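The values are calculated or read from the model by the stated rules, or taken from the named source; none is laboratory data. Predicted, not measured: the structure shown is a model, and the values here were computed from it. So basically every Cβ, Gly included, is an ideal-geometry build from the backbone, and we count neighbours across all protein chains shown. Calculation scope for accessible area: heavy atoms of the full protein, side chains included, ligands and nucleic acids excluded. Shrake-Rupley method; radii C 1.70, N 1.55, O 1.52, S 1.80 Å.
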Amino acid sequence: MIAVENLTKIFRTRDVETAALDQVGLQVTQGEFVSIMGPSGCGKSTLLNMMGLLDQPTEGKVWINGTDVSGMKDGQLAQFRNRTLGFIFQRFHLIPALNVLDNVELPMLYGKNIPAKEQRRRALEALEKVELSHRLKHFPAQLSGGQCQRVAIARALVCNPKIILADEPTGNLDSKMGAEILELLLTLNREGSTIVMVTHDERIAKRTNRTVRLLDGKVQA
């Protein structure tokens, strides 16, 4: 489902050049739940951003679901990303002025041409899956951190993505809420979702199929 080859990302300032990723190679197969671990600054989130087509590598290639995306233009990348990938972030990234239902419907407004009734049906189905169908009209400020993350997961699911990318999805939650979010992700994986998750928590990583460890921009194990 995901393959990266000789992936390198260099950040440059006038005086300093930093290699966030250094010739990384990695494959994720269909149905896997892979965790990415390593110390702060080792390149975890940079690698996830490359896989999620949110940033371009300095060198190397990325394949998503068999498609070489390395040469795509910005518009093509946006369409492909919206069609293929779902994102879950540590800070939720919900729109404060939109209620729960509108937040979940948001990804379907971009280039999908999905009828309004179908958008509503999909959003309600996604919220039912994360057990938040009773909070449709609430706003993010009226929800707990765990509930906000569940809304973010529903939003990630609503376009039926082949791959879910999660960047520290439990990082802003207490241990109880974090455990609930992990169980939800494990359920989605058992139902067929391919998931790649950045985490700093060894206990969470042990529940996934495989752990990739980074250090100084390179795969160590």
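Near residue 215, the amide H atoms lying under 5 Å from its own belong to 220; only residues 5 or more places off or on other chains count, and H is placed 1.01 Å from N. Considering only 58, 46, 18, the Gaussian network model of the chain with Cα springs below 10 Å gives its largest mean-square fluctuation to 18.
Volume per residue for region 146-221 equals 101 cubic angstrom (convex hull of Cα atoms). Of the residues 166, 24, 126, the one whose Cα sits farthest toward the positive end of the charge dipole of the chain, with +1 on the Cβ of Lys and Arg and -1 on the Cβ of Asp and Glu, is 126. Just checking the listed ones, 153, 164, 204: in the Gaussian network model of the chain with Cα springs under 10 Å, the one fluctuating most is 204.
Diffusion coefficient (Stokes-Einstein, Kirkwood radius over C-alpha pairs, 37 °C, 0.692 mPa s) for region 138-188: 285 µm²/s, rounded to a whole number.
Taken about its Cα centre, region 155-221 carries a charge dipole of roughly 280 debye when the Cβ of each Lys and Arg holds +1 and the Cβ of each Asp and Glu holds -1.
Taking Cα Rg over 2.2 N^0.38 Å as calculated from this structure, the corresponding entry among (i) 1.02; (ii) 0.93; (iii) 1.17 is (i).
What the Cα atoms of region 38-129 give is an Rg and a Dmax of 15.7, 45 Å.
In square angstrom, what is the accessible area per residue of region 1-121 with a 1.4 angstrom probe?
Accessible surface, normalised per residue, equals 53 Å².
Computed from backbone phi with θ = phi - 60° and the Karplus coefficients 6.51, -1.76 and 1.60, the 3J(HN,Hα) list for region 29-39 is 8, 4, x, 6, 10, 10, 9, 10, 10, x, x Hz; x is used for glycine and proline. Residue farthest toward the positive end of the dipole of the chain, with Cβ of Lys/Arg at +1 and Asp/Glu at -1: which of 141, 45, 77? Selected residue: 141.
What's the local net charge at residue 201, with K and R +1, D and E -1, over the other residues with C-beta under 15 Å away? Residues close to residue 201 contribute a combined charge of 0.
Using only alpha-carbon positions in region 117-168, the gyration tensor eigenvalues give semi-axes of 17, 16, 8 Å once each is multiplied by 5 and square-rooted (largest first). About the centre of its Cα atoms, the chain shows a dipole size close to 480 debye [charges on the beta carbon of Lys, Arg (+1) and Asp, Glu (-1) only; nearest 20 debye].
Estimated purely from DSSP H runs of n ≥ 4, each contributing -39500 (n - 2.57), the mean residue ellipticity at 222 nm for the chain is -9500 deg cm²/dmol once divided by its residues.
Enter the angle in degrees (range 0 to 90, nearest 10) between the Cα long axis of helix 116-129 and the first principal axis of the Cα atoms of the chain, meaning the one along which they spread out most. Computed tilt is about 80 degrees.
Using heavy atoms of the protein chains and a probe of 1.4 Å, the accessible area assigned to residue 55 is about 60 Å².
When Lys and Arg each count +1 and Asp and Glu each count -1, what net charge do the other residues less than 14 Å away from residue 30, Cβ to Cβ, add up to? With Lys, Arg at +1 and Asp, Glu at -1, the neighbours total +1. One chain, two ends: residue 215 and residue 109. Fully extended at 0.36 nm per residue, the span grows by 34.3 nm beyond their Cα-Cα distance. Relative to the dominant Cα principal axis of the chain, helix 175-190 is inclined by about 80°.
Compute for region 32-86: radius of gyration divided by Kirkwood radius, i.e. Rg/Rh, restricted to C-alpha atoms, rounded to two decimals.
Rg/Rh for region 32-86 comes to 0.98.
Working from Cα pairs under 8 Å separated by at least six residues, relative contact order for the chain is 31 percent. The lysines within cross-link reach of residue 129, meaning a Cα-to-Cα straight distance under 27 Å and a gap of 8 or more places when in the same chain, are 112, 117, 137, 162, 176, 206. Leaving out ligands, DNA and RNA, and with a 1.4 Å probe, what % of the accessible surface on the chain is carbon or sulfur? Of all accessible area on the chain, carbon and sulfur atoms account for 48 percent.
Rounded, prolate or oblate for region 84-173? Axes are the square roots of the Cα gyration tensor eigenvalues, ordered a ≥ b ≥ c, and the cut-off for rounded is a/c under 1.5. Oblate, since a/c reaches 1.5 and b/c is not below a/b. One way to sum up the overall shape of region 1-70 is the equivalent ellipsoid from its Cα gyration tensor, whose semi-axes run 22, 14, 9 Å, largest first.
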